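Participant: This structure is in structure tokens; I'll ask about it shortly.
The values are calculated or read from the model by the stated rules, or taken from the named source; none is laboratory data. Since we're looking at a predicted model, the values are computed, not measured. Quick reminder, even Gly has a Cβ in these numbers, built from the backbone with ideal geometry, and neighbours come from all protein chains shown. Ligands, DNA and RNA are stripped out before the accessible areas are found, and what is left, the full protein with its side chains, is counted by its heavy atoms. Shrake-Rupley method; radii C 1.70, N 1.55, O 1.52, S 1.80 Å.
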Amino acid sequence: MRRDHAPARNNAVQNKPNTLRIIGGEWRSRRIRFPGLTGLRPTPDRVRETLFNWLAPDLAGSRCLDLFAGSGALGLEALSRGAASVIFVEREREAADRLRETATQLAPKRATVLHADALAWLGGPSQPFDIVFVDPPFDSGLLPVALRTLESGGWLIPAARIYLEGPAKAGPPDLPGGWILHRSGRAGAVGYHLARRQPGGTGGSA
């Protein structure tokens, strides 16, 4: 969620600099501050609301991973709505430090914030996650590499859900074999997608 996104529209809270709002769950309407780093913008409210409606049947008690975490909006929303735990991975130290402060205040036993490069971290020992949020900077070229590494590195349970963001003009991303595109939407310049892992499948669209 994190860099080079189009500004959120029709969102009075997110128009306040360096502030986001938790949409639902335990911390509903709570405002969260994040650093004023260039291009660092949370996923817009309406996109998060749609995403978490999609994820509602799978979220309670889930183990989540928020790669390229930035402000932490997606992982914090997951925790607010009943995820058992979230690991946040963010390479910008200032963003990671601020997110760690927030996570310590809200959910010290359920949140882990790591200051690390996402792809380098995925090269280490793996653990399976139920839900993964993948939203690298749009112009970085990291999205397909991250998806392949998640699949090949043992980071996903058999029925994992994977959320992806990218430029809307690029359309849905190519998915690893065994994944299907479960849901898609568009908000301005942002394309957002939910993939579902089905081992033994051939990938493609649902």
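Participant: Quick test of your reading of the structure: F138 fulfils all but one of (1) part of a loop (DSSP other than H, G, I, E, B); (2) open to solvent by 60 Å² or more (accessible area, probe 1.4 Å); (3) under 18 Å from P42 (Cα atoms). Name the failing condition by number.
Facilitator: (2)
Participant: Separate question: Quick one: how many residues across segment 20-33 are open to solvent by less than 20 Å² (accessible area, probe 1.4 Å) and either touching a strand residue (DSSP E or B) at 6+ places or on another chain (Cβ under 8 Å) or modelled with pLDDT under 65 (or both)?
Facilitator: Matching residues across segment 20-33 total 3.
Participant: Related question: Among the residues of segment 73-81, are any at pLDDT below 95, charged (D, E, K, R) and under 26 Å from H182 (Cβ atoms)?
Facilitator: Start the filter on segment 73-81 by keeping residues that are at pLDDT below 95, which leaves 73.
Still in the running and charged (D, E, K, R): none.
Scanning segment 73-81 turns up no residue that is at pLDDT below 95, charged (D, E, K, R) and under 26 Å from H182 (Cβ atoms).
Participant: Here is a follow-up. Mind checking which residues of segment 86-110 are within 14 Å of I22 (Cβ to Cβ) and open to solvent by less than 20 Å² (accessible area, probe 1.4 Å)?
Facilitator: Restricting attention to segment 86-110, the residues satisfying the condition of being within 14 Å of I22 (Cβ to Cβ) are 86, 99, 102-103, 105-107.
Correct list: V86, L99, T102, A103, A107.
Participant: Of these, L79, L65, L114, which one is part of a helix (DSSP H, G or I) and either touching a strand residue (DSSP E or B) at 6+ places or on another chain (Cβ under 9 Å) or free of Cβ contacts under 8 Å to residues at least 12 places away in the same chain (or both)? Steps first, answer last, please.
Facilitator: On the way: L65 fails: part of a helix (DSSP H, G or I); L114 fails: part of a helix (DSSP H, G or I).
Result of the check over L79, L65, L114: L79.
Participant: Suppose we filter G191, G178, G166 for residues that are within 17 Å of W54 (Cα to Cα) and either surrounded by 15 or more Cβ atoms within 10 Å (Cβ to Cβ) or touching a strand residue (DSSP E or B) at 6+ places or on another chain (Cβ under 7 Å) (or both); which single one remains? Steps first, please.
Facilitator: Working: G178 fails: within 17 Å of W54 (Cα to Cα); G166 fails: within 17 Å of W54 (Cα to Cα).
Answer to the check: G191.
Participant: Looking at W155, W121, can you tell me which residue is open to solvent by less than 20 Å² (accessible area, probe 1.4 Å), in contact (Cβ under 8 Å) with a residue 24 or more places away in the chain and farther than 21 Å from R46 by Cα? Quick ask: steps written out before the conclusion?
Facilitator: Numbers: W121 fails: open to solvent by less than 20 Å² (accessible area, probe 1.4 Å).
On inspection, the qualifying residue turns out to be W155.
Participant: May I ask you to verify whether P108 is within 22 Å of L59 (Cβ to Cβ), modelled with pLDDT under 95 and part of a loop (DSSP other than H, G, I, E, B)? Quick ask: steps written out before the conclusion?
Facilitator: Numbers: within 22 Å of L59 (Cβ to Cβ): yes; modelled with pLDDT under 95: yes; part of a loop (DSSP other than H, G, I, E, B): yes.
Yes.
Participant: Moving to a separate point now. Here are the criteria: (1) modelled with pLDDT of 85 or more; (2) crowded, with 17+ Cβ neighbours inside 10 Å; (3) at negative phi; (4) of a type in the set (G, A, S). Tell me which single one A8 does not satisfy.
Facilitator: Here A8 meets the rest and fails (1).
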